[in-house]
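**Q** I am attaching a structure below and will ask some questions about it afterwards.
The values are calculated or read from the model by the stated rules, or taken from the named source; none is laboratory data. Predicted model only: the values in this text are computed from it and were never measured. All Cβ positions, glycine included, derive from the backbone under ideal geometry; neighbour counts span all protein chains shown.
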Amino acid sequence: MPCDISAEVMNYVKELVLRYQDIREIWLFGSRANNTSTELSDWDLMVMANKEVLESLIISPHDPECVDLLVVYDGNNFSGPWPRQSDGALKRGSLIDWEWHQIGPEEAEYKATKPVPGSNFHVNVTTLRATRIYPKQLRDDA
């Protein structure tokens, strides 16, 4: 694993999988999974589940604030359960658009896009990695 997951985040993951039996996997992605995080970086988690889990999370409080959660609800499409603080929009997308694919039992790759600062048109596209933290990590800790 590229980085150690904080106790707060691991406790949250454990609570999620106990509360929602339909969660099949949880992946860490973004800066924390790619060794580009700062002290202020959040924890990006991709939850492989279903529409019922997403709908239940939508009505639950967003806790902890340091976690940015995306729920894959149909095997491809995903949505964040809570609006972004910056603009009130929900994060949405698809694994196909991200070109998400597993490259090993605990590792996946995907394409990430970031706007080029100062440009209304150009974006940087990079290939990043994700690490599966559930079920592997929780089983190892048990």
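**Q** Anything in segment 37-63 that is touching a Phe, Trp or Tyr at 6+ places or on another chain (Cβ under 9 Å) and among the β-branched types (Val, Ile, Thr)? List them, or say none.
**A** VAL47, VAL53, ILE58
**Q** Going residue by residue through segment 4-23, is there one that turns out to be touching a residue at least 24 places away in the same chain (Cβ under 8 Å), touching a Lys or Arg at 6+ places or on another chain (Cβ under 6 Å), surrounded by 14 or more Cβ atoms within 10 Å (Cβ to Cβ) and not charged (D, E, K, R)?
**A** No: zero hits.
**Q** Still on this structure: Taking the criterion of being in a helix (DSSP H, G or I) and over 15 Å from the mean Cα position of the chain (by Cα), would at least one residue in segment 22-35 satisfy it?
**A** Scanning segment 22-35, I find no residue that is in a helix (DSSP H, G or I) and over 15 Å from the mean Cα position of the chain (by Cα), so the answer is no.
**Q** Here are some conditions: (1) within 22 Å of TYR20 (Cβ to Cβ); (2) surrounded by 15 or more Cβ atoms within 10 Å (Cβ to Cβ); (3) of a type in the set (Lys, Arg). ARG92 meets all but one. Which one does it not meet?
**A** (2)
**Q** Right, next: Quick check on my filter: what residues within segment 14-35 are within 21 Å of TRP98 (Cβ to Cβ) and either in contact with a strand residue (DSSP E or B) (Cβ under 8 Å, 6 or more places away or on another chain) or at pLDDT below 95 (or both)?
**A** Looking only at segment 14-35, we keep the residues that are within 21 Å of TRP98 (Cβ to Cβ), and these are 23-35.
Of everything in segment 14-35, those that are within 21 Å of TRP98 (Cβ to Cβ) and either in contact with a strand residue (DSSP E or B) (Cβ under 8 Å, 6 or more places away or on another chain) or at pLDDT below 95 (or both) turn out to be ILE23, ARG24, GLU25, ILE26, TRP27, LEU28, PHE29, GLY30, SER31, ARG32, ALA33, ASN34.
**Q** Report yes if LEU95 is in contact with a His (Cβ under 9 Å, 6 or more places away or on another chain), within 13 Å of MET48 (Cα to Cα) and of a type outside the set (Lys, Arg), otherwise no.
**A** yes
**Q** Tell me, which residue of segment 76-89 that is without any contact (Cβ under 8 Å) to a residue 24 or more places away in the chain and touching a strand residue (DSSP E or B) at 6+ places or on another chain (Cβ under 8 Å) is surrounded by the fewest Cβ atoms within 10 Å (Cβ to Cβ)? Before the answer, list the steps.
**A** From segment 76-89, those without any contact (Cβ under 8 Å) to a residue 24 or more places away in the chain are 76-77, 80, 83-89; that's our starting set.
If we keep only those that are touching a strand residue (DSSP E or B) at 6+ places or on another chain (Cβ under 8 Å) as well, we get 76-77, 80.
On the way: ASN76: 13, ASN77: 16, GLY80: 19.
Across segment 76-89, the extreme among qualifying residues is ASN76.
**Q** Small (Gly, Ala, Ser) and free of Cβ contacts under 8 Å to residues at least 24 places away in the same chain: does that describe GLY93?
**A** yes
**Q** Being out of contact with any Phe, Trp or Tyr (no Cβ under 7 Å at 6 or more places or on another chain), closer than 19 Å to VAL9 by Cβ and acidic (Asp, Glu): is that true of GLU109 here?
**A** In short, no.
**Q** Suppose we keep only residues that are part of a strand (DSSP E or B) and among the small types (Gly, Ala, Ser) within segment 64-114. Which one would you say is nearest to ILE5 (Cα to Cα)?
**A** Among those that are part of a strand (DSSP E or B) and among the small types (Gly, Ala, Ser), it is ALA108.
**Q** Follow-up. Is it true that VAL47 is out of contact with any Pro (no Cβ under 8 Å at 6 or more places or on another chain), free of Cβ contacts under 8 Å to residues at least 60 places away in the same chain and over 22 Å from TYR110 (Cα atoms)?
**A** No; evaluated as a whole, the condition is false for this residue.
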